[in-house]
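The values are calculated or read from the model by the stated rules, or taken from the named source; none is laboratory data. As the structure is a prediction and not an experimental result, all values here were calculated from the model. Because the Cβ atoms are built from the backbone with ideal geometry, glycine has one as well, and the counts that use them run over all protein chains shown. Just the protein is used for accessible areas: all its heavy atoms, side chains included, with ligands, DNA and RNA removed. Shrake-Rupley method; radii C 1.70, N 1.55, O 1.52, S 1.80 Å.
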Amino acid sequence: MNNEKNVKNLNGIVFILFMIIFLIGSDTFLVSPLIPTLSKSFNVTVSEVGLLVIAYSLPYAICGFAFGPLSDKVGRKVMLKWGILAFTISTFLCGCAWSFWSLFFFRVLSGIAAATSPQVWAIIGDLVPFKKRGHVIGIVAAALSISQILGVPFGAFVAGAAGWRFSFYALGILGVIVTLLVIFALPVIENTTAPVAKAASSELSHSLKLVLTNKRAVAGLLVTFFMMFASFGMYSFLGAWLSNSFNMSVSTIGTVIVVVGFGNLVGNLSGGFLGDAFGKGRVVIIGLTILAVSLILLPYTSSNLIFAMVCIFLWLLSGGASLSSLNSIVSELVPSLRGTVMSLNSSFMYMGTTMGVIVGGVAINKFGYVGLGFANGISAFIAMLLICYLITRQRCDGYFVSDKETCPADSVAI
């Protein structure tokens, strides 16, 4: 089936892609509410249970460097089919873990399998024209926000009602459904630049070299890195800050995070549409500016809960809006190696998240939460400067114009 026929069935394809991201996102946010329970179940410390996050995220980040070029060579559906199947099996195995280190190993397998999921963004790039791509990416990216909103209470509820193992079993059942959708309902997606892609990706290392020596591609990847550094660097310590500032209980903190998490959902949905209407570059620049200011100001709202909630909502709203338009821009940086670029983008995302947590911990120990906010705000500001650089490298390519404006034909090429 060629892509012209696939476009006619775009709604069905988008639904499948939405479910893939929802599945992976739910797994990502599942462990957090289970940490106290897992600590007691395996008789290990909370900090040791925290290693399960690294067990998942580090393999994900590393495997992105290989899976992206491989998808450009063998096809998007092949990668997703085997990846989601392996992810589902690994998730069931997590529920069967007999020791902490067996669970650690199964989380590593889950992270490796989940590293195939960035092909979702490559598929959107293959099917949807750049100037209309923002709202489609926004809809699919909303699945991550919804999984965040539902993942924390769902994991806690199932674990409380039937035990932590059933949290993984329930997610595994969802994985079976998504696997069947990918195998039987997702059509084969033709790479929009298939001949070039196969030639360029004949050697995986060559594909990586082509992307990582492209200044614009590296700039785009670094925008993702610094943006996730800023947003998740603060998010990781949000619960501790709320507890310290307002003496909130764990359940209250969970409720607050779910409520303000709707800001991220609104941002994902609106950011894509706004990017298509007014220019994706504009949305990212404005969003990152608001993000930087919100992160810097947040620690100063510790005496007023209303101001704090407004600040957190603006932070998540601007972050969600920026991410939708940014993914659209990144997907067009090297079209011939789109799978490679989007996998690397996810790898940089997880690397940024990891570094944000590490630096955030150091900042809190030395300078308190004010230092944390400042460090993350500076990171968001650096991301904003990088996207400005990316736009000035090729001003009129759709990054800074709306879908109603036109550009000279020779400036559209990447």
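I'd like the full set of residues that are closer than 24 Å to Thr340 by Cβ and either of a type in the set (Val, Ile, Thr) or not in a loop (DSSP other than H, G, I, E, B) (or both), limited to the stretch 91-117. Reasoning before the result, please.
Going residue by residue through the stretch 91-117, those that are closer than 24 Å to Thr340 by Cβ are 108-117.
Matches in the stretch 91-117: Val108, Leu109, Ser110, Gly111, Ile112, Ala113, Ala114, Thr116.
If you check Val334, Val341, which single one turns out to be of a type outside the set (D, E, K, R), more than 13 Å from Gly275 (Cα to Cα) and open to solvent by 10 Å² or more (accessible area, probe 1.4 Å)?
Values: Val341 fails: open to solvent by 10 Å² or more (accessible area, probe 1.4 Å).
Residue meeting the stated conditions: Val334.
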*Which residue out of Gly134, Gly111 is closer than 21 Å to Val44 by Cβ and crowded, with 24+ Cβ neighbours inside 10 Å?*
Gly111
*How many residues are surrounded by fewer than 17 Cβ atoms within 10 Å (Cβ to Cβ) and modelled with pLDDT under 85 when one looks only at the stretch 245-261?*
7
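Quick one: which residue in Ser270, Ser294, Ser249, Ser303 is of a type outside the set (D, E, K, R) and touching a Ser or Thr at 6+ places or on another chain (Cβ under 7 Å)? So that I can check it myself, show each step before the final result.
On the way: Ser270 fails: touching a Ser or Thr at 6+ places or on another chain (Cβ under 7 Å); Ser249 fails: touching a Ser or Thr at 6+ places or on another chain (Cβ under 7 Å); Ser303 fails: touching a Ser or Thr at 6+ places or on another chain (Cβ under 7 Å).
From the options Ser270, Ser294, Ser249, Ser303, the qualifying one is Ser294.
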*Given (1) under 21 Å from the mean Cα position of the chain (by Cα); (2) farther than 16 Å from Ile189 by Cα, where does Phe105 come up short, assuming only one miss?*
(1)
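Kindly evaluate Trp82 against the criterion of being part of a helix (DSSP H, G or I), within 15 Å of Val182 (Cβ to Cβ), without any contact (Cβ under 8 Å) to a residue 40 or more places away in the chain and among the hydrophobic types (A, V, I, L, M, F, W, C). First the steps, then the outcome.
Details: part of a helix (DSSP H, G or I): yes; within 15 Å of Val182 (Cβ to Cβ): yes; without any contact (Cβ under 8 Å) to a residue 40 or more places away in the chain: yes; among the hydrophobic types (A, V, I, L, M, F, W, C): yes.
Answer is yes for this residue.
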*asked:* Can you pull out every residue in the stretch 1-19 that is open to solvent by 30 Å² or more (accessible area, probe 1.4 Å), at pLDDT below 80 and in a helix (DSSP H, G or I)?
replied: Glu4, Lys5, Val7, Lys8
*Identify the single condition in (1) farther than 30 Å from Asn214 by Cα; (2) open to solvent by less than 20 Å² (accessible area, probe 1.4 Å); (3) not charged (D, E, K, R) that Asn327 does not satisfy, given that it satisfies every other one.*
(1)
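Is it the case that some residue within the stretch 66-73 is among the aromatic types (Phe, Trp, Tyr), open to solvent by 10 Å² or more (accessible area, probe 1.4 Å), in a helix (DSSP H, G or I) and under 15 Å from Ser343 (Cβ atoms)? Let's see the steps before the verdict.
Step one: filter the stretch 66-73 for residues among the aromatic types (Phe, Trp, Tyr), giving 67.
Those still in the list that are open to solvent by 10 Å² or more (accessible area, probe 1.4 Å) too: 67.
Still in the running and in a helix (DSSP H, G or I): 67.
Next, only the ones that are under 15 Å from Ser343 (Cβ atoms) stay: 67.
Yes - at least one qualifying residue is present in the stretch 66-73.
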*Can you name the condition, by its number, that Phe22 falls short on among (1) open to solvent by 20 Å² or more (accessible area, probe 1.4 Å); (2) more than 27 Å from Arg76 (Cα to Cα); (3) not basic (Lys, Arg)?*
(2)
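Taking the conditions exactly as written (in contact (Cβ under 8 Å) with a residue 40 or more places away in the chain, more than 12 Å from the chain's Cα centre (by Cα), within 24 Å of Leu316 (Cα to Cα) and in a helix (DSSP H, G or I)), does Ile139 satisfy them or not? Steps first, answer last, please.
Values: in contact (Cβ under 8 Å) with a residue 40 or more places away in the chain: yes; more than 12 Å from the chain's Cα centre (by Cα): yes; within 24 Å of Leu316 (Cα to Cα): yes; in a helix (DSSP H, G or I): yes.
Judged against the criteria, Ile139 is a match.
In contact (Cβ under 8 Å) with a residue 60 or more places away in the chain, open to solvent by 10 Å² or more (accessible area, probe 1.4 Å) and among the small types (Gly, Ala, Ser), is that true of Ser270? Reasoning before the result, please.
Working: in contact (Cβ under 8 Å) with a residue 60 or more places away in the chain: yes; open to solvent by 10 Å² or more (accessible area, probe 1.4 Å): yes; among the small types (Gly, Ala, Ser): yes.
When the stated conditions are applied, Ser270 passes them.
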_Given (1) at pLDDT 90 or above; (2) farther than 19 Å from Tyr235 by Cβ, identify the lone condition not met by Gly319._
(2)
*asked:* Quick check on my filter: what residues within the stretch 393-414 are at pLDDT 50 or above, closer than 18 Å to Gly275 by Cβ and either β-branched (Val, Ile, Thr) or loosely packed, with under 13 Cβ neighbours inside 10 Å (or both)?
replied: Arg395
*asked:* Go through the stretch 372-389 and report how many residues are open to solvent by 60 Å² or more (accessible area, probe 1.4 Å), touching a residue at least 24 places away in the same chain (Cβ under 8 Å) and farther than 13 Å from Gly233 by Cβ.
replied: 2
*From (1) open to solvent by 10 Å² or more (accessible area, probe 1.4 Å); (2) touching a helix residue (DSSP H, G or I) at 6+ places or on another chain (Cβ under 8 Å); (3) not β-branched (Val, Ile, Thr), pick out the condition that doesn't hold for Lys209.*
(2)
*Answer yes or no: is there a residue in the stretch 308-327 that is outside any helix (DSSP H, G or I) and without any contact (Cβ under 8 Å) to a residue 12 or more places away in the chain.*
no
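Please work out if Met349 is open to solvent by 30 Å² or more (accessible area, probe 1.4 Å), out of contact with any Leu (no Cβ under 7 Å at 6 or more places or on another chain) and under 25 Å from Gly75 (Cα atoms). Working first, answer last.
Values: open to solvent by 30 Å² or more (accessible area, probe 1.4 Å): yes; out of contact with any Leu (no Cβ under 7 Å at 6 or more places or on another chain): yes; under 25 Å from Gly75 (Cα atoms): yes.
For Met349, the condition - open to solvent by 30 Å² or more (accessible area, probe 1.4 Å), out of contact with any Leu (no Cβ under 7 Å at 6 or more places or on another chain) and under 25 Å from Gly75 (Cα atoms) - is met.
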